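To keep things clear, I will list the structure first and then write my remarks on it.
Since every read-out is calculated from the coordinates, none of them should be taken as a lab result. This is a predicted model, so every value here is computed, not measured. Cβ placement follows ideal geometry from the backbone for every residue including glycine, while neighbour counts extend to all protein chains displayed.
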Amino acid sequence: MTRTSEYNFAYLDEQTKRMIRRAILKGLAIPGYQVPFASREMPMPYGWGTGGVQVSAAVLTPDDRFKVIDQGADDTTNAVSIRSFFEHTAGVATTTATAEATVIQTRHRIPELPLREGQVLVYQVPIPEPLRFLEPRESETRKMHSLEEYGLMHVKLYEDISRHGHIATSYAYPVKVEGRYVMDPSPIPKFDNPKLGDCPAVQLFGAGREQRIYALPPYTQVVSLDFEDHPFEASKADHPCGLCGSDSSYLDEVIIDDAGGRMFVCSDTDYCDARQAQGHRGKDAA
Amino acid sequence: MTPLLSVQGVSKRYGTHIGCADVSFDLWPGEVMGIVGESGSGKSTLLNCMAGHLVPDTGAVVFDTRADGPRDTVTMSEPERRMLSRTDWAFVHQHARDGLRMGVSAGGNVGERLMAVGARHYGDIRDKATDWLARVEIDAARIDDRPSTFSGGMQQRLQIARNLVTGPRLIFMDEPTGGLDVSVQARLLDLLRGLVRDMGLSAIIVTHDLAVVRLLADRLMVMKSGHVVEAGLTDQVLDDPQHAYTQLLVSSVLQV
C-alpha cells in the first residue's frame, strides 16, 4: 500500500469501479452475454488491454497477488507495463507464478497450470462480438443473440472446411456457453478452448474500446462449435518444448537464425521455468 | 380447405402518403398470385407487409402454419415470425446481392438456411448444396466460388436455390427477373415455373412485367396508387381488362 494517498486504490475512482462491478455481476449472472459498460479512457492505447485493466482494477483488493501474461509470457512489454501499472497505482503484490496469483490478467492465453477456486482470470478482448465479421450490423447481431439465431456461425466454419478441408480457425474459436450464448473467447488459441469449460476459477472478459464485459462463472459448460463429421480439435505444434521438453503445452515457434533454424518453446514462460527448475530439459536447452 | 395465406384488410401508410390500402385476398395452396402495377403503386409495400419486413398499420396476414394451423403473422412473436421466414417462407429479392451473402461461397449461401435450422453435418449440407446448384443449373464445380464472381442471372438462380433449400411452402418474389436480359429472363422463368410446379409451391410475384405474370401466375391483382383496382384469373384480366388503368397497362406492352 505505497501510494494510495496520492492515487485512489487501483487507479479508477470508486464510482467507476462500482459501475464495472455491476457489469461484471450481470455478466456472471448471464454467462456469455455481452454487458455494455461505460469504458473509461485509460493511460494506454486501445488494443493494449484497456478493457482487461479496467476489469482488473475493479476486482483487485489490497490482499490480492497479481500476475499479468501476454501470449503466455510474463516478461513481454504488455505484461511488464500493466504489472508495473498496478504495482504503482494499487500497491498490490505481484508474482509470475500462476499457482500463487489470485488475479491473473491475460492476453491471448490461458495458463498451462490448471486454475483453482478463488482465482480470477481477466482476459483482454479486442473484439467481443463473435458474429462481427459475418454480420457487420450491431443491431442485427444483438437480435441474433437474443433470438439465438446462430446458424451464421456455422457458415464461417463451413467456409473454412470448403476452402481448407478442415476447420482452419485456430484462435478466437467460437464457443457456446451453457447451451445459450455464442461467445468469442478472445484470441486464445483453440488449444486453450477445452480449459474454458468446467473451470474452477472465475473468468472475466473486458473489451475497452468496444465497451463490453462478459464472464464465465466457475464450472460453466462451454462447448466449441463444430460439425458432426468435422469435430472440434484442440491443436498445437507437433513438437516437444525445446527448453523443458514438455509435449503437452502450447508452443511458440521461434526463428533463431537466417538459415531456417527454428525452435519450439512453451508460450507459458512460468510453466516452462517451473519445469526446468524441476530438472526437465529439452533438446535445445543450453 | 383453408387458404395458405389470407390477407385481410392490410393497409400501410407512410405519414399522409398511402403505401397500400385495404388489400384483401386469399392465396390457396399451390397457387401463384401475380401483383402488377406501375412503380410506386404499393406492390412492394404490400409484399413486405406480407413477408413480415414491414408492420402493416391495420389488417391481418394469416398464414396456415404446419404446427398450429392459421396464425396471424402480424401479431405473432418475432422469433416465431423469423422462424417462419427461415423455414416455410422464402423471399427472392430483385437484386440478388440483397438476398445473398456476397463474401460467402455459393455452397455456404445455400447451406446457411440449413445450418440456421440446425443442420450440423458438413457432408450432408454439402451434398444438399450440390444438389440444389444442379437444380438451378449452376455447375457444381463452382460451389466454392463467391457469388461476386457469378453473372447476374447465376446470382439470381443462386438466390433461388438458397431460398428453396429448406423446402418452403410459400415464396415471395420481388421483381425476380428485373435487371436481367431477356434470354436470361426466359431461362429463369422456365426454371421458376418448373420448380413451382414440381414442389407444389405457392408464390406471390410482384412485377411490372406482364409477360412474367402471363407465364407464371394463376391469378392476378392490378394495383394503382395503393389500391387493388382489378383482380381475377391472369388470362381473363390480361385478355379482357375492365379497369381503365389495366387497359392502359395491357396496351402499353411493347410488341416485337
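Taking the condition of being hydrophobic (A, V, I, L, M, F, W, C), within 28 Å of B:Arg193 (Cβ to Cβ) and at the interface with chain A (Cβ under 10 Å from one of its Cβ atoms), how many residues in segment B:111-158 meet it?
The number of residues fulfilling the criteria is 6.
Conditions: (1) under 28 Å from B:Arg193 (Cβ atoms); (2) in contact with a Leu (Cβ under 7 Å, 6 or more places away or on another chain); (3) free of Cβ contacts under 8 Å to residues at least 60 places away in the same chain. B:Asp64 meets all but one. Number of the miss?
(3)
Read through the list (1) assigned to a helix (DSSP H, G or I); (2) surrounded by fewer than 21 Cβ atoms within 10 Å (Cβ to Cβ); (3) in contact (Cβ under 8 Å) with a residue 60 or more places away in the chain, then give the number of the only condition that B:Arg162 fails.
Here B:Arg162 meets the rest and fails (2).
From A:Gly165, A:Gly118, A:Gly151, grab the single residue that is more than 16 Å from A:Ile188 (Cα to Cα) and surrounded by 16 or more Cβ atoms within 10 Å (Cβ to Cβ).
Matching residue, one of A:Gly165, A:Gly118, A:Gly151: A:Gly151.
Give B:Gly30, B:Gly42, B:Gly19 a once-over and let me know the one that is touching a residue at least 60 places away in the same chain (Cβ under 8 Å) and more than 30 Å from A:Glu140 (Cβ to Cβ).
Within the list B:Gly30, B:Gly42, B:Gly19, the selection yields B:Gly30.
In the set A:Leu157, A:Leu152, which member is within 30 Å of B:Ile143 (Cα to Cα), within 14 Å of chain B (Cβ to nearest Cβ) and in contact with a Leu (Cβ under 6 Å, 6 or more places away or on another chain)?
A:Leu152
Given the structure, is A:Ser162 of a type in the set (S, T, N, Q), under 20 Å from A:Glu233 (Cα atoms) and within 13 Å of another protein chain (Cβ to nearest Cβ)?
Considered against the rule, which asks whether it is of a type in the set (S, T, N, Q), under 20 Å from A:Glu233 (Cα atoms) and within 13 Å of another protein chain (Cβ to nearest Cβ), A:Ser162 comes out as yes.
Would a scan of segment A:16-36 turn up a residue that is of a type in the set (Gly, Ala, Ser) and either assigned to a strand (DSSP E or B) or at positive phi (or both)?
Among the residues of segment A:16-36, at least one is of a type in the set (Gly, Ala, Ser) and either assigned to a strand (DSSP E or B) or at positive phi (or both), which makes the answer yes.
Hey, can you tell me all the residues within segment B:64-107 that are within 14 Å of chain A (Cβ to nearest Cβ), within 17 Å of the chain's Cα centre (by Cα) and among the polar types (S, T, N, Q)?
Hits for segment B:64-107 are B:Ser85, B:Thr87.
State the number of residues belonging to segment A:183-192 that are buried (at least 21 other Cβ atoms within 10 Å of the Cβ) and either assigned to a loop (DSSP other than H, G, I, E, B) or touching a helix residue (DSSP H, G or I) at 6+ places or on another chain (Cβ under 7 Å) (or both).
4
For segment B:199-256, list the strands (runs of 3 or more DSSP E) that sit wholly inside it and hold at least 2 residues that are surrounded by fewer than 20 Cβ atoms within 10 Å (Cβ to Cβ); which are they?
B:227-233
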